[in-house]
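Colleague: Dumping the structure here so I can ask a few things about it.
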Amino acid sequence: MEVNSSNFLGMLPQILQEAENARFVAIDTEMSGIAFGSGDLTSIPDAYSNVKDAAEDYQILQVGFTFISYVPETSEYTTRTFNCYVSPLLPNGSFSDTLARHLDREFSVSARSYDFLRNHGFNFSQALNDGVSYLSREEQRIAKELCSSNNSRANHIDPSTLDEQSQKFYSLTRAQIGDYVHARSSGLHPATIAIRNPHGNRLNGLQIRLIHQITEEEYPTYVAKKITSGPMAGSMSIALVTRAAETEATYQQHKNVNKTMKLSGLQIVFEALSGGSFAHRIDPGWALPNGRVLKDENFDFHRCEANLKEKRPIIIGHHIFQDLAFIYQAFFEPLPLKVDDFLAAIHQLFPRIIDTKFMHVRGRHLMEREKSLNELGRYFARGFIPPVRHLIGPEGTAARPHNAAYDSMVTASVFIKQTSHLFSSDAHLLEVKQTVYRPGGREDPGHRETHPAGSATSPPTEHPKTPSNLLDEEESEIIGSLDKSWVVLKPDTLSPAITPALSPTLTPPETEEPTEETDELTEEETDEPMEEEMLGDESEQHDLVPRWSDAFWRVYGNKTLMPGAGFVSFV
C-alpha cells in the first residue's frame, strides 16, 4: 500500500495497528547512495566508518514495511506491506522554513546509486515532492528549543563578528531602544518608536534579527513588532508586552510545538517499533485529506504505545547492517564514532534482529554461489512450508525488485520459509567455524555452541533481558501452533528436508522425473514466483518458526554481515 505526504496521517493508525499485532516486521530501505566496498576484506571498525560516512552523506528515500502475523485458523502466515516514500525536504510554512534553515540538511546523490535506482523504475521526483517528512530525535530537540525561545529565527549573533556598517547599526539601534525604554520607565510618554533602515528601503533580515536580539536579551518586558502599513511600513516598533501579547506568544509557541510533532512524520513509526514513546506527539485534531480529523479514526494511540513497549515485533532484514545505520542516522541520533557504540545503541532500540542474508550464507563454503534476495524469493516459493499469504502488497511500479516495499515483502517470505527449512533440518546443530565480531572488540572464532548432531534437545538461549520488554513472550496463537503437525520435504517423497549431516545452505529438494501427470516449472523457466503450496508427510512432527528463546536463534539471531569485513553480532 502506497504511503505519501498526503495520506500519511490517515494511514498512521493502520500502520501502528499492524505493528502492534505483528510478531515480525521486515524492513527495507532505498537510499540516495550507499557504502560500496573495495572488494578487499577490511577491519570491522574501518568498514563501519565507511558505512557511517555514507549514512551521513546520503539520505533514505524509501522505506518498505512488511508486517507478519500468524493465523492459527488457517495455519498460515499473512503479510501486509506499506511503501513509504521519504523526503528530506520540509513542507512549506513559516516555522518549517525557519527550522529548515536551522537544520540546513544537505541532499546528496551518488551517481552510481542514481543510475541503479532509475534503471529499476525508482521515481526520485515522487520521493522528494511527495515523500513523508521526518525529524530525528536530535532534530526534534532542536525544533523544541526553537519553539521555547522567544526568538525562533536564529541563535545569538555576536556583533563583533559583523562588518563595520552592521556594527554601527547595532550600536545606534541599541541606544535608540535604550533611550525609549528609559523614558518610559521615568514616567514619560514618548512617541511610538520606529526603527528604520538607515540606508533606505525596508529593514533586511539581519537588521530584524538584531532588533529582536536586543529586545529579548536586554528588555524582556518589551516586544519588537513589524510595522506593516502606512508611511513607516517596513520598520519596527517597540512596545510593552501586554497580556494579549503574552497570550499570542504562548499560542504561537504551542502552535509551533504542534507543527514539530507533525513534522516528525515517519519517525513516529520507528519510535513505535523501538518501544519508545510517541502517543503524546500525536494530536487527535490533525486534519486528514478526507475532511475528517485523526480522532475520528477511533484509534487508541496510548494503548498501542503501551503494548509495543511491552512486546515489540522482531526486526527482519536482508543484509540489514547498512539499513540500520541509515535508519539510526535519519530517525534517531547521529551515528556514534565507534562501531561498538553503534551495535549497543541498535541493540537497545531493537533487541531482536534477524538477517536473512546471514542465515543464507552461514556455513557456505567459497565454492558456493550466494543467491540474491530475488533468487531466494523464487527458490522458497517452490513448495516450501509454511504457507505465506500476502494480504496487502506493493502496488503499481512498487511491485518490482529494488523497491523497498517489494524487497521487504520478499524478505518476509524468505524469512518464514528459510527459517522453517533450516530449523526443521537442525542446521543450527551443525558445527560451523566462522569468526564473528562482538561488541568490545571480541572476535569469537566459534560463534555458536557446539552440540552433537544427534542431540534431541539444545540448551535455551540466554540473551540479556531488556528492561520493560518481555522479549521471550510469544503470542498465544504462536505458542499454540507449535503443537500442530508440519512436514518436511524428503528427497524421495517430495517433502522439504535435509539431514543434519548435509550443508545448511540451500540445496533444492530432489524430485522424481516429471511424468505426464506432472507439469513441473523450474526457476530457469520463469521469473515469476511459483504458487506456494504445502507438501509432505503428515506423520512427521516439525515446528513453525521457533520461539526466540530457542537455541536456534542463539546461532542465527542478532547477527549480520558487515559489508566487506565479515560477520558481526549485536550482542
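The values are calculated or read from the model by the stated rules, or taken from the named source; none is laboratory data. Not measured: the values here are computed from a predicted model. Neighbour counts are summed over all protein chains in view; Cβ atoms, including those assigned to glycine, are modelled from backbone coordinates with ideal geometry. For accessibility, only protein heavy atoms count, side chains too; no ligands or nucleic acids. Shrake-Rupley method; radii C 1.70, N 1.55, O 1.52, S 1.80 Å.
Colleague: I need the full set of residues from the range 383-410 which are within 18 Å of L544 (Cβ to Cβ) and of a type in the set (V, I, T), in order please.
Modeller: I385, V388, listed by residue number.
Colleague: Please work out which residue is modelled with the lowest pLDDT, limiting yourself to the range 190-204 and to residues that are farther than 16 Å from V241 by Cα and open to solvent by 50 Å² or more (accessible area, probe 1.4 Å).
Modeller: Going through the qualifying residues, I end up with A191.
Colleague: Here are T42, T81: which of them is touching a Pro at 6+ places or on another chain (Cβ under 7 Å) and of a type in the set (S, T, Y)? Reasoning before the result, please.
Modeller: Values: T42 fails: touching a Pro at 6+ places or on another chain (Cβ under 7 Å).
Of T42, T81, the one residue that is touching a Pro at 6+ places or on another chain (Cβ under 7 Å) and of a type in the set (S, T, Y) is T81.
Colleague: Something else now. Among the helices (runs of 4 or more DSSP H) lying completely within the range 221-332, list those that include at least 3 residues that are open to solvent by 20 Å² or more (accessible area, probe 1.4 Å) and basic (K, R).
Modeller: It comes to 243-263.
Colleague: R389 - would you say it is of a type in the set (D, E, K, R) and under 21 Å from F24 (Cα atoms)?
Modeller: yes
Colleague: Among the residues of the range 266-286, is any within 24 Å of the chain's Cα centre (by Cα), β-branched (V, I, T) and modelled with pLDDT under 85?
Modeller: Scanning the range 266-286 turns up no residue that is within 24 Å of the chain's Cα centre (by Cα), β-branched (V, I, T) and modelled with pLDDT under 85.
Colleague: Here is a further query. Going through the range 546-565 one residue at a time, which ones are touching a Leu at 6+ places or on another chain (Cβ under 9 Å) and open to solvent by less than 30 Å² (accessible area, probe 1.4 Å)?
Modeller: Answer for the range 546-565, where residues must be touching a Leu at 6+ places or on another chain (Cβ under 9 Å) and open to solvent by less than 30 Å² (accessible area, probe 1.4 Å): P546, W548, A551, F552, V555, Y556, T560, A565.
Colleague: Please tell me if A127 is of a type outside the set (F, W, Y), assigned to a helix (DSSP H, G or I), buried (at least 23 other Cβ atoms within 10 Å of the Cβ) and in contact with a helix residue (DSSP H, G or I) (Cβ under 7 Å, 6 or more places away or on another chain). Steps first, answer last, please.
Modeller: On the way: of a type outside the set (F, W, Y): yes; assigned to a helix (DSSP H, G or I): yes; buried (at least 23 other Cβ atoms within 10 Å of the Cβ): yes; in contact with a helix residue (DSSP H, G or I) (Cβ under 7 Å, 6 or more places away or on another chain): no.
No: the conditions fail for A127.
Colleague: Moving on to the next point. Looking only at residues in the range 41-58 that are in contact with a helix residue (DSSP H, G or I) (Cβ under 7 Å, 6 or more places away or on another chain) and open to solvent by less than 20 Å² (accessible area, probe 1.4 Å), which one is farthest from G121 (Cα to Cα)?
Modeller: The selected residue is I44.
Colleague: Residues that are over 22 Å from the mean Cα position of the chain (by Cα): list the strands (runs of 3 or more DSSP E) wholly contained in the range 1-101 that include at least 1 such residues.
Modeller: 60-71, 76-85
Colleague: Identify all residues within the range 219-241 that are closer than 15 Å to N197 by Cβ and in contact with a helix residue (DSSP H, G or I) (Cβ under 7 Å, 6 or more places away or on another chain); write none if there are none.
Modeller: Within the range 219-241, A224, M236 meet the criteria.
Colleague: Which pairs have Cβ atoms under 9 Å, sit 6 or more apart or on different chains, and link a residue in the range 224-252 that is modelled with pLDDT under 65 to one that is part of a loop (DSSP other than H, G, I, E, B)?
Modeller: Sorted first by the residue in the range 224-252, then by its partner, the pairs are A249/N150; A249/V241.
Yes/no matrix, rows are residues, columns are (1) hydrophobic (A, V, I, L, M, F, W, C); (2) touching an Asp or Glu at 6+ places or on another chain (Cβ under 8 Å); (3) in a loop (DSSP other than H, G, I, E, B):
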| position | (1), (2), (3) |
| --- | --- |
| I157 | yes, no, yes |
| Q165 | no, no, no |
| Y180 | no, no, no |
| L188 | yes, no, yes |
| H199 | no, no, yes |
| L203 | yes, no, yes |
| L206 | yes, no, no |
| Q213 | no, no, no |
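Colleague: Given the residues R101, R80, R112, which is the only one that is open to solvent by 20 Å² or more (accessible area, probe 1.4 Å) and free of Cβ contacts under 8 Å to residues at least 60 places away in the same chain? Walk me through it before giving the result.
Modeller: Numbers: R80 fails: free of Cβ contacts under 8 Å to residues at least 60 places away in the same chain; R112 fails: free of Cβ contacts under 8 Å to residues at least 60 places away in the same chain.
Testing whether each residue is open to solvent by 20 Å² or more (accessible area, probe 1.4 Å) and free of Cβ contacts under 8 Å to residues at least 60 places away in the same chain leaves just R101.
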